[in-house]
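Here, each number is a calculation from the coordinates, and none is a lab measurement. As the structure is a prediction and not an experimental result, all values here were calculated from the model. Cβ: placed from backbone, ideal geometry, glycine included. Neighbour counts: every protein chain shown.
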Amino acid sequence: MSAEASYDIAIIGAGPAGLYAAYYAGFRGLRTVLLDGLPQVGGQISTMYPEKLIHDVAGFAAIKGADFVAGLLEQSRRQDYDLKLEETVSEMVKEGDAYRLTTESGLTFQAKSAVIAAGLGRCEPRSLPALDGVSSSNIMHFVPDLSVLNDKDVVIAGGGDSAVDWALAAETRAKSVTIIHRRPRFRAHERSVEEMKNSSVKIIAPGEVLGYRKEGDAEILTVRDDAVGNVDLPFGKFIMALGFVSDLGAMGTWGLGIDGFRIPVKPDMETQLPRVFAIGDVSEYPGKVRLMSVGFGEAAIAVNHAAAAINPGMSVLPGHSTNEA
Ligand SMILES: Cc1cc2nc3c(=O)[nH]c(=O)nc-3n(C[C@H](O)[C@H](O)[C@H](O)COP(=O)(O)OP(=O)(O)OC[C@H]3O[C@@H](n4cnc5c(N)ncnc54)[C@H](O)[C@@H]3O)c2cc1C
């Protein structure tokens, strides 16, 4: 198979660490491609907590997850790089001095170095068996824009932080909000659960979604409510906030020495493969702290070392960004 394009650096994963690495690679003048299997950038922030406030990233006293991702994307886009979404990298093999990456859709890329910023790995949202084969634009796993919930009867399935956060976010704008959880106790943050209990959100717990049907334009869930028996629940939007199944998948066969869910790295973030680096949640070394602020530092370390490794004329230490135009 002939390679589609060749790059200095391929970054796998467009979560916060990967986005910042893309900015930094551009800052170092490296020809860069950034790949993610999901249809949107932002990794865990976009999939799990776009509406939550983040308090511990440098420079912001508090910033909404979605706004932080927008800022990371805007910053990275000041550099010129290729962004390929809905492209899960399934294979990476060494060919001479470069690596050939292949995605599940069959695209191939050559890169002199790679930065793996795969976080928890490829993420697939969990679905309800009762809805197998059902396709409706009103059923979703996460809400890209809260305004789609305006004046709707919103039903949410799930008992964790995401489910409760969506319920609280929907409550101020939806016509009604019902949350269904299989157990009596929610796993979410206690303060959020208390807030939900004191709100207008209707709670069905224990309860379970048993089926779905359409009657004309109306979409209806059949729900087992342990308090009253089976009930019909018409909905305008149904959010399945049941968490994600994630795994590093094919990466286990790339020769990275993966230990469980993590890729061991040296102090310069290089893995056991030459010029292949790992950063963010996926990387592992003694003393590792899994926080975004740490991942940003690792991105700068990895990209600067990659720059020097692929071009011995380049220094590991970059100039200061304040010297840029
Ligand atoms: C509810 C919640 C709240 C949090 N709050 C905070 C907080 O306040 N402060 C903080 O610092 N951290 C917080 N975190 C943790 C933080 O979100 C993670 O540390 C951070 O997202 C890790 O970034 P990352 O870029 O390493 O990986 P991720 O965000 O996991 O992104 C990895 C990306 O790689 C992609 N990917 C994986 N494998 C492939 C492949 N083979 N091909 C293509 N793409 C691939 C995935 O699709 C994903 O988009 C929170 C996490 C959760 C769940």
Distance between the C-alpha centers of segment 29-54 and segment 146-185? Whole Å please.
24 Å
Can you list residues whose amide H is under 5 Å from residue 219's amide H, if they're 5+ apart or on another chain and H is modeled 1.01 Å from N?
235
Nearest 500 deg cm²/dmol is fine: what mean residue ellipticity at 222 nm does the chain get from its DSSP H runs of n ≥ 4 alone, each adding -39,500 (n - 2.57), divided by its residue count?
-6500 deg cm²/dmol
Once the dipole of segment 127-240 is set up with Lys and Arg at +1 and Asp and Glu at -1 on Cβ about the Cα centre, which of 169, 218, 129 lies farthest towards its positive end?
129
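Which net charge results when you count Lys and Arg as +1 and Asp and Glu as -1 among the other residues whose beta-carbon is under 13 Å from that of residue 65? All intermediate terms of the calculation are to be shown ahead of the outcome.
Values: positive: 52, 64; negative: 51, 56, 67, 161, 165.
Net local charge, residue 65 excluded: -3.
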In degrees, nearest 10, the alpha-carbon axis of helix 292-310 is tilted away from the dominant principal axis of the alpha carbons of the chain by 30 degrees
For segment 127-240, with only Lys/Arg (+1) and Asp/Glu (-1) charged at the beta-carbon, what is the dipole magnitude about the Cα centre, in debye rounded to 20?
180 debye
Along segment 249-257, Karplus-curve 3J(HN,Hα) (6.51, -1.76, 1.60; θ = phi - 60°) to the nearest Hz, with x for Gly and Pro, reads x, 5, 4, x, 9, 8, x, 8, x
Give the relative contact order (percent, whole number) for the chain; include only Cα pairs under 8 Å separated by 6+ residues.
19 percent
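Nearest 20 debye, what's the magnitude of the dipole of the chain about its Cα centre given +1 on Lys and Arg Cβ and -1 on Asp and Glu Cβ? It would help to have the intermediate numbers written out before the result.
Working: 31 positive and 41 negative charges, 81 e Å.
For this selection, approximately 380 debye.
Can you pull out the GluC sites (Glu not before Pro) in segment 56-165 that DSSP calls coil and that have at most 16 other Cβ atoms within 10 Å? Before the final figure, lay out the partial values.
Working: sites: 74, 86, 87, 91, 95, 104; in loops: 86, 87, 104.
Loop-located and lightly packed - 86, 104.
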By average C-beta atoms within 10 angstrom, highest first, the peptides 260-266, 17-23
17-23, 260-266
Aspartates and glutamates near residue 288 by alpha-carbon distance under 19 Å, same-chain residues fewer than 8 away left out - which ones?
56, 259, 268, 270, 298
Here is the link list: 52/175; 152/214; 52/197; 197/237; 52/84. Which ones come out longer than 24 Å on Cα distance?
52/84
Charge sum, other residues only, whose C-beta stays under 11 Å from residue 241's C-beta, Lys/Arg counted +1 and Asp/Glu -1
-1
When the dipole is taken about the Cα centre of segment 41-120, and only Lys, Arg (+1) and Asp, Glu (-1) are charged at their Cβ, what size is it in debye, to the nearest 20?
160 debye
Diffing segment 68-73: the Karplus 3J(HN,Hα) column from phi (6.51, -1.76, 1.60, θ = phi - 60°), in whole Hz with x for Gly and Pro, holds 5, 4, 4, x, 5, 5
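How do 290, 78 line up, fewest other C-beta atoms within 10 Å first?
Details: 290 13, 78 10.
Lowest count first: 78, 290.
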